[in-house]
């Protein structure tokens, strides 16, 4: 009984005073630490400031609570005998005897008895007591209706439930059930022994949630605490970029750096001038790059790497932006203050050219249903077209700047564009409501997260700001470290659950930050000119692409892959140029 | 902009019109004996079969006001055949009066049975469900007078239902459902309100019958 074991070798047996022996035999918890050699094998009970026993190195876990939730967990796992043993051995009861009686009464349907017991348990909050009684009597009411004892149900309602004087609206609903019991049958299953047992168990669960946890320990409390710890560990892990990394309880979760793409696997050389825009398709199978050389290249991504698929020529001006159709079958490209072209991805053909007389386009995008496109025009308006070229709508006024990004959320509701040097406009198309993000510095570019809830904004002063755009726009984080003085540099979200931010930089490095903590994780060297844009493969958190003034695109990945290729190619970097 | 009382002098009002106004009021409210003496005094033409119907209508109104809805329904069926069929809202309200009577006399079982037979069929249409809930809720309380729905037991409610019944019967017989007098007062009030809103402080004040009668 919580003390000296009878089968321990005689040398280890403690000499106890008769007083202590008496305490041990009636199972009360030992309060004073007993000093002795065998005792060192067991956890030394400490004292907290409140005089209760505590466990754990920080002295904040109360022993009674700890044992009770373990007992509860044992019972939930089905280890009834173990749970009972624990209660016996520790001398700590999971529930007081009154509570045990109460729970038994609920499951057996002894409603009147359970109400009496409830009153005896001694709840301090009258409202809780009444709410609990209400739930119990409601069950009594429904069980009468199940048995078609309508008058009994009515009596319960009138003489027991209404006098509680709480929840009048529920009383109304219950009175309607009396006249039309069929209504409540449609919600509850017809009377059967199994469903009655189930609904009583459900009632018990509701009561457990209602009553204070000191009286009834909540279900699955231990599991909840452990999950909380695991989630905290995962969120704190800055290199968590792979799905298969399961969490173990044996050690704190911490990924190594090796899950972040930081090795240049391929260098793609096909453009003949600076590359300004880079974008993976939604399914991650293609990559589009567009350049000052007035061409756009579609690259194909497969198990062997990235290879050139099509080179799209036709624009007379450098291309400022590209946009993939929602199903990735088509691509839009926009020449700087020129036209917008729509291309078929598999054939490489130009399907349509969108232009406006006397004006030039500055940006382009697709509607989420793929049925229309929109584009910023250099007269500061935004135009919307059907695929065949019919113009649908035009928003005038200060909507865009000369060269600026344009995005539409995946529900088609919001159009986002830079409307002033320091302002981004969030236009709700249907509600015609405008919201603004206001910055202190000039905004150069932005990027929308996949879940439409966040916007990454690049500023002139070399900071990247993360804004939450649900409801009122709020600044969430800032990322610093990269260099940007003269050109437009783009950044993007990426990695598992978009937990990372990547950006180009004028110092030729590719910067990667952990989104949640704002910590700079990597600054990848390799390019020999300013890195203008980056794109993280949405389907592969281990693939990142960057494009630069040095006319090349670098594909970054994990070390394991490059280790394989080190055997076949000398320096482990696979170069791919335009020739097929 | 107070209206100059002298302007009134310039409008002449026909005696016959006045008689008709008074008569419509008396007929609407079933003041049978008053109608008869008024006709005798003024020498007006007797309205056709008004008197007999008026008597019946008066009895129906009285029964409804007392809460004896079943009797009121019976007589209504006699007087105006399918009136209640065409006025389901009214039918429900009348039946609910009987239900309320049963609840007030603490005849719970009877009330429950009555509700199940007569009231719940209305519940098939969504618009009656809330009303049904209101009435059923009375059953849940041992002292319905203290329940949140106590207003359903009041004289005002019965009066409201009785008035609706009265108007429905008049309408059924193609008679006006509102008395001319009522309408005239309403008209004046509304016109005054409009003028008041348009002209603000310069316009005439809102119509007050009490003040008018005193002046």
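The values are calculated or read from the model by the stated rules, or taken from the named source; none is laboratory data. Since this is a predicted model, take the numbers as computed values, not measurements. Here Cβ is always computed from backbone atoms with ideal geometry, including for glycine, and neighbour counts include all displayed protein chains.
Determine if the stretch B:194-203 includes at least one residue that is outside the structural domain of residue B:66 (by the TED database), without any contact (Cβ under 8 Å) to a residue 40 or more places away in the chain and in contact with a helix residue (DSSP H, G or I) (Cβ under 6 Å, 6 or more places away or on another chain). Taking every residue of the stretch B:194-203 in turn, none turns out to be outside the structural domain of residue B:66 (by the TED database), without any contact (Cβ under 8 Å) to a residue 40 or more places away in the chain and in contact with a helix residue (DSSP H, G or I) (Cβ under 6 Å, 6 or more places away or on another chain). Checking every residue in the stretch B:71-79 against the condition of being within 30 Å of residue A:150 (Cα to Cα), modelled with pLDDT of 85 or more and assigned by the TED database to the domain that holds residue B:132 gives at least one match. Of the helices (runs of 4 or more DSSP H) lying entirely inside the stretch A:60-164, the ones with 1 or more residues being under 42 Å from the mean Cα position of the chain (by Cα) and assigned by the TED database to the domain that holds residue A:200 are found at A:63-77, A:80-90, A:97-108, A:111-121, A:126-146. Taken over the stretch A:430-476, the criterion of being surrounded by fewer than 16 Cβ atoms within 10 Å (Cβ to Cβ) and within 18 Å of residue A:368 (Cβ to Cβ) is satisfied by A:430, A:431, A:450, A:451, A:453, A:470. On inspection, residue B:111 does not qualify as without any contact (Cβ under 8 Å) to a residue 40 or more places away in the chain, away from chain A (no Cβ under 14 Å) and assigned to a helix (DSSP H, G or I). Exactly one residue among B:214, B:183, B:158 is surrounded by 17 or more Cβ atoms within 10 Å (Cβ to Cβ) and under 30 Å from residue B:26 (Cα atoms), and that residue is B:158.
Being buried (at least 19 other Cβ atoms within 10 Å of the Cβ), farther than 24 Å from residue A:416 by Cβ and assigned by the TED database to the domain that holds residue A:530 holds for only one residue in A:366, A:299, and it is A:299. Would you pick out the residues in the stretch A:198-235 that are assigned to a helix (DSSP H, G or I), surrounded by 13 or more Cβ atoms within 10 Å (Cβ to Cβ) and in contact (Cβ under 8 Å) with a residue 24 or more places away in the chain? Residues satisfying the conditions are A:199, A:200, A:203, A:204, A:206, A:207, A:210, A:221, A:222, A:223, A:235.
Got at least one residue in the stretch B:69-84 being within 14 Å of chain A (Cβ to nearest Cβ), surrounded by 14 or more Cβ atoms within 10 Å (Cβ to Cβ) and either assigned to a loop (DSSP other than H, G, I, E, B) or out of contact with any helix residue (DSSP H, G or I) (no Cβ under 8 Å at 6 or more places or on another chain) (or both)? No, the conditions are met nowhere in the stretch B:69-84.
Find the strands (runs of 3 or more DSSP E) located wholly in the stretch A:366-467 whose residues include 3 or more that are within 28 Å of the chain's Cα centre (by Cα), and list them.
Details: elements: A:372-377, A:382-386, A:391-395, A:406-408, A:414-420, A:423-428, A:433-438, A:443-448, A:454-459.
Once the strands (runs of 3 or more DSSP E) in the stretch A:366-467 are filtered for at least 3 residues that are within 28 Å of the chain's Cα centre (by Cα), what remains is A:406-408, A:414-420, A:423-428, A:433-438, A:443-448, A:454-459.
Scan the stretch B:186-199 and tell me whether some residue there is in a helix (DSSP H, G or I), within 14 Å of chain A (Cβ to nearest Cβ) and surrounded by 17 or more Cβ atoms within 10 Å (Cβ to Cβ). Scanning the stretch B:186-199, I find no residue that is in a helix (DSSP H, G or I), within 14 Å of chain A (Cβ to nearest Cβ) and surrounded by 17 or more Cβ atoms within 10 Å (Cβ to Cβ), so the answer is no. In the set B:40, B:64, only one residue is closer than 30 Å to residue B:24 by Cβ, touching a residue at least 24 places away in the same chain (Cβ under 8 Å) and more than 10 Å from chain A (Cβ to nearest Cβ); that residue is B:64. Of the residues making up the stretch B:134-155, those that are closer than 11 Å to residue B:97 by Cα and surrounded by 15 or more Cβ atoms within 10 Å (Cβ to Cβ) are B:135, B:152, B:153. With the condition kept exactly as written, say whether any residue in the stretch B:164-173 is within 14 Å of chain A (Cβ to nearest Cβ) and assigned to a helix (DSSP H, G or I). No, because not a single residue in the stretch B:164-173 is within 14 Å of chain A (Cβ to nearest Cβ) and assigned to a helix (DSSP H, G or I).
Taken over the stretch A:510-535, residues that are surrounded by fewer than 21 Cβ atoms within 10 Å (Cβ to Cβ), part of a loop (DSSP other than H, G, I, E, B) and over 24 Å from the mean Cα position of the chain (by Cα) amount to 4. Just checking: which of the strands (runs of 3 or more DSSP E) contained wholly in the stretch A:536-577 hold 3 or more residues that are at pLDDT 90 or above and surrounded by 17 or more Cβ atoms within 10 Å (Cβ to Cβ)? Filter on the stretch A:536-577 gives A:544-548, A:552-557. The set of residues from the stretch A:151-164 being touching a residue at least 12 places away in the same chain (Cβ under 8 Å) and either surrounded by 20 or more Cβ atoms within 10 Å (Cβ to Cβ) or at the interface with chain B (Cβ under 7 Å from one of its Cβ atoms) (or both) comprises A:153, A:154, A:156, A:157, A:161.
All conditions but one from (1) away from chain B (no Cβ under 14 Å); (2) modelled with pLDDT of 90 or more; (3) within 30 Å of residue B:110 (Cα to Cα) apply to residue A:102; the one that does not is (3). Anything in the stretch A:517-533 that is over 15 Å from residue A:267 (Cβ atoms) and touching a strand residue (DSSP E or B) at 6+ places or on another chain (Cβ under 8 Å)? List them, or say none. If the condition is that a residue be over 15 Å from residue A:267 (Cβ atoms) and touching a strand residue (DSSP E or B) at 6+ places or on another chain (Cβ under 8 Å), then A:518, A:519, A:520, A:521, A:522, A:523, A:530, A:532, A:533 are the ones that fit.
If you go through the stretch B:35-68 and keep only what is within 17 Å of residue B:171 (Cα to Cα), in a loop (DSSP other than H, G, I, E, B) and at pLDDT 85 or above, you end up with nothing. Against the conditions (1) in contact (Cβ under 8 Å) with a residue 24 or more places away in the chain; (2) surrounded by fewer than 21 Cβ atoms within 10 Å (Cβ to Cβ); (3) away from chain B (no Cβ under 14 Å), where does residue A:167 fall short? Just the number, please. Residue A:167 satisfies every listed condition except (3). Filtering the stretch B:121-133 to residues that are crowded, with 17+ Cβ neighbours inside 10 Å and facing chain A (nearest Cβ under 10 Å) leaves B:123, B:132, B:133.
Restricting attention to the stretch B:134-161, and to residues there that are part of a loop (DSSP other than H, G, I, E, B) and without any contact (Cβ under 8 Å) to a residue 12 or more places away in the chain, which single residue is farthest from the other protein chains (Cβ to nearest Cβ)? Among them, the one singled out is B:154.
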